[in-house]
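All remarks here apply to the structure that follows.
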Amino acid sequence: MIVKHIQEKIKTEAFDALLLTGLENPAAKKNLQYVTNYTGSYGFAIIGEDYKYFISDFRYRDQVAEEVPDFTFVEITGAFLDALKEVIQKESITSLGFDKRIRYSEYELYQTLGVTLHPLNNFMESFRVSKTPEEVAKIKKACEITDQALADILQELKVGMIEKDVEIKLKNRMIELGAEVTWDRFIVASGARGAMPHGMASDKRIEKGDLVTFDIGCAYEGYYSDLTRTVAMGKPSSKMKELYEIVKEAQRRGVAAAKAGMTGKELDAVCRDYITERGYGEYFKHGTGHGLGMDVHEAPRVSYAYDKPLEVGACVTIEPGIYISGLGGVRIEDDVILTEDGCIVLNEFPKELLIIE
Ligand SMILES: [Mn+2]
């Protein structure tokens with residue numbers, strides 16, 4: 001269990017206990033949820049070598065009892081800082097580790113606790129990399145919803161539609177199919193806009209001859225999907241067709257090569273070297289992929305800057321692309337789970353160029 005691993009790690013750290021909070025910080029809050037299973041919006045955990053406390057108020061008493069039964073519950077009855085102090089005194093805590101991404105205003109409050117504060121950079125990240133079968137099942141379900149939503153909406157896609165309208169259709173379809181939430185913004189980038197790797201859906205109408213890149217995703221029980229496909233509105237030019245086939249082959253090679261133990265840099269090179277070999281290296285400037293889970297972007301990275309081996313059970317994206325200013329772009333992305341001898345691809349949406357007439 002994750003708490004045990006954290007307690008072991010704390011033994012080797014310079015602080016006595018770890019403070020996990022969800023106050024006004026979605027990223028930090030996910031770590032609280034990851035460690036405790038708590039899905040409420042207000043709560044704190046304090047974990048030391050041989051104790052674990054969950055602190056919240058009466059609104060969440062029943063929820064904590066259900067979701068976090070193995071933590072000692074401390075109910076906030078006055079100021080929340082007093083409840084934290086109560087635990088600090090009880091366990092004689094002199095130093096607290098905390099996620100440095102919390103707000104400065106929150107940090108100022110903790111300065112009044114009378115303990116030494118240790119800002120932590122990515123302390124929880126490494127714990128989250130390797131996914132359990134339960135986590136994989138949730139990501140897989142999010143992928144299924146995403147694949148299905150794209151398939152359904154492509155059936156309705158027509159020349160003349162506005163990118164933003166297509167975005168709304170995709171989001172609604174995902175919710176209908178059981179997504180908890182969708183990403184805030186989708187990339188729907190048609191024609192020359194496809195040259196922007198992060199071209200959010202705009203007011204542009206989709207035109208005949210455009211390639212359209214969709215980069216979309218949703219969450220299922222707290223875990224995200226991330227899918228990119230590029231489709232053609234009518235017969236594409238031979239140039240765009242060439243780009244598509246190069247990206248498709250680069251992506252195929254990445255998936256075929258991906259396995260735990262290789263470094264992020266090595267996996268990145270599989271896709272990058274092929275695109276470079278075909279003469280388009282200068283048009284593929286972003287990393288090949290990133291970790292995926294409770295966050296759409298998390299550890300590890302599949303990039304030239306990531307020299308560490310990728311772990312068994314890591315969920316990463318493989319998403320090479322080519323972007324040519326004034327012309328357009330192509331990107332194809334799957335989410336995969338790394339195993340000792342390969343990877344399991346979670347997306348099933350086809351990768352042959354789909355021509356929508
Ligand atoms: Mn991605």
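If I stretch the segment between K285 and K208 completely, what's the gain in nm (0.36 nm per residue apart, minus their alpha carbon distance), one decimal?
Contour length minus the Cα-Cα distance gives 25.0 nm.
Got the relative contact order for the chain handy, in percent, Cα pairs under 8 Å and 6 or more residues apart?
About 14 percent, as a whole number.
For the peptides 27-34, 42-49, 2-9, what is the packing order when you average, over each peptide's residues, the other Cβ atoms within 10 Å and list the highest mean first?
Highest mean packing first, the order is 42-49, 27-34, 2-9.
Could you tell me whether the range 1-128 comes out rounded, prolate or oblate from its Cα gyration tensor? Rule is a ≥ b ≥ c as square roots of the eigenvalues, rounded for a/c under 1.5, then prolate if a/b exceeds b/c, otherwise oblate.
Rounded, because the longest to shortest axis ratio a/c is under 1.5.
How far is helix 26-36 tilted, in degrees, relative to the longest principal axis of the Cα atoms in the chain, given as a value from 0 to 90 rounded to the nearest 10?
That helix lies at roughly 60 degrees to the long axis.
For the chain, what does -39500 (n - 2.57) per DSSP helix run (n ≥ 4), summed and divided by total residues, give at 222 nm, in deg cm²/dmol to the nearest 500?
-11000 deg cm²/dmol
Name the residue, out of L23, L157, L109, whose mean-square fluctuation peaks in a Gaussian network model built on the chain with Cα pairs under 10 Å.
Maximum among the listed residues: L109.
Using only Cα atoms, tell me the angle between helix 2-11 and the longest principal axis of the chain; keep it within 0 to 90° and round to the nearest 10.
The answer is roughly 60 degrees.
So how far, in whole Å, is the C-alpha centre of the range 278-351 from the one of the range 66-94?
41 Å
Taking the 0 to 90 degree range and rounding to the nearest ten, how far is the long axis of helix 133-156 tilted relative to the main principal axis of the chain, both from C-alpha atoms?
40 degrees
Could you work out the local net charge near Y60, counting Lys and Arg as +1, Asp and Glu as -1, over the other residues with Cβ closer than 15 Å to its Cβ?
-2
Please give the net charge around I187, taking every other residue with its beta carbon less than 12 angstrom from that of I187, where Lys and Arg add +1 and Asp and Glu add -1.
Computed value for this residue: -2.
Sketch the reach of a paramagnetic label on K235 as a point 7 Å from Cα along Cα-to-Cβ, and name the residues of the range 333-356 whose backbone nitrogen lies under 18 Å away.
Answer for the range 333-356: 353-356.
Please state, to two decimals, what the Cα-based radius of gyration of the chain comes to when divided by 2.2 N^0.38 Å (N = residues).
Compactness ratio reported: 1.11.
Read-outs: derived from the displayed coordinates by stated rules, not from any lab. On a predicted model such as this, the values are computed, not experimentally measured, just so you know. FYI the Cβ positions are ideal-geometry reconstructions off the backbone, even for glycines, and counts take in every protein chain you see.
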